[in-house]
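S.K.: This structure is in structure tokens; I'll ask about it shortly.
No value in this document is a laboratory result; all are computed from the given coordinates. Quick caveat: nothing in here was measured; it's all calculated off a predicted structure. Positions of Cβ are backbone-derived with ideal geometry, glycine not excepted, and every protein chain shown enters the neighbour counts.
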Amino acid sequence: MKLMIVDDSNIIRSRIARAVVHPQLQGMIIVGMARNGLEAVSLCERSRPDVVTMDLTMPEMDGNACVEALIQRFPEINILVVSALSDKATAIDALTRGARGFLYKPFTDEQLVNALLEIVN
């Protein structure tokens, strides 16, 4: 299972990368990290991830536009939105655009692992 991490925060990208070594996610490898939606689309073309964690608030191309772009090109991709925007309308909007899950920041490693397992099973 190939994972791409998309977030403009280096701290969050590193945190997600560290959590992915969890035993329940055995076999999940990180194939790329992007700082914005434009980088994510380009990287996705090359690395073809199965799973993407996606921030919503980013420069150049925000997460919602990126979710739409990735789903259009790769309909089978599993996108987990990881965002500090915690209102229900934001989550519903992301899911309507094609995301398969939503996780609010701040999150625990256990919450991240469970959310990733939920979208891939």
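S.K.: Within segment 103-116, restricting attention to residues that are out of contact with any strand residue (DSSP E or B) (no Cβ under 8 Å at 6 or more places or on another chain) and surrounded by 14 or more Cβ atoms within 10 Å (Cβ to Cβ), which residue is farthest from Leu25 (Cα to Cα)?
M.R.: Asp109
S.K.: Among the candidates Ala89, Ala84, which residue alone is out of contact with any Pro (no Cβ under 7 Å at 6 or more places or on another chain), surrounded by fewer than 13 Cβ atoms within 10 Å (Cβ to Cβ) and aliphatic (A, V, I, L, M)?
M.R.: That would be Ala89, the only listed residue that is out of contact with any Pro (no Cβ under 7 Å at 6 or more places or on another chain), surrounded by fewer than 13 Cβ atoms within 10 Å (Cβ to Cβ) and aliphatic (A, V, I, L, M).
S.K.: In addition: Looking at (1) out of contact with any helix residue (DSSP H, G or I) (no Cβ under 8 Å at 6 or more places or on another chain); (2) assigned to a helix (DSSP H, G or I); (3) touching a residue at least 40 places away in the same chain (Cβ under 8 Å), which is the only condition Cys66 fails?
M.R.: (1)
S.K.: What number goes with the only condition from (1) closer than 17 Å to Met61 by Cα; (2) free of Cβ contacts under 8 Å to residues at least 12 places away in the same chain; (3) polar (S, T, N, Q) that Asn36 does not pass?
M.R.: (2)
S.K.: Within segment 38-69, count every residue that is within 17 Å of Lys105 (Cα to Cα) and aliphatic (A, V, I, L, M). Steps first, answer last, please.
M.R.: Step one: of segment 38-69, the residues within 17 Å of Lys105 (Cα to Cα) are 52-58, 62-64.
The next check asks that each one be aliphatic (A, V, I, L, M); those that pass are 52, 54, 56, 58.
Residues flagged as within 17 Å of Lys105 (Cα to Cα) and aliphatic (A, V, I, L, M) within segment 38-69 amount to 4.
S.K.: Looking only at segment 27-57, filter to residues that are in a loop (DSSP other than H, G, I, E, B) and buried (at least 23 other Cβ atoms within 10 Å of the Cβ); which one of those is nearest to the chain's Cα centre (by Cα)? It would help to see each step written out before you state the result.
M.R.: Filtering segment 27-57 for residues in a loop (DSSP other than H, G, I, E, B) gives 27-28, 35-36, 48-50, 55-57.
Narrowing further to those that are buried (at least 23 other Cβ atoms within 10 Å of the Cβ): 49, 55-56.
Values: Pro49: 10, Asp55: 7, Leu56: 9 Å.
Top of the filtered list is Asp55.
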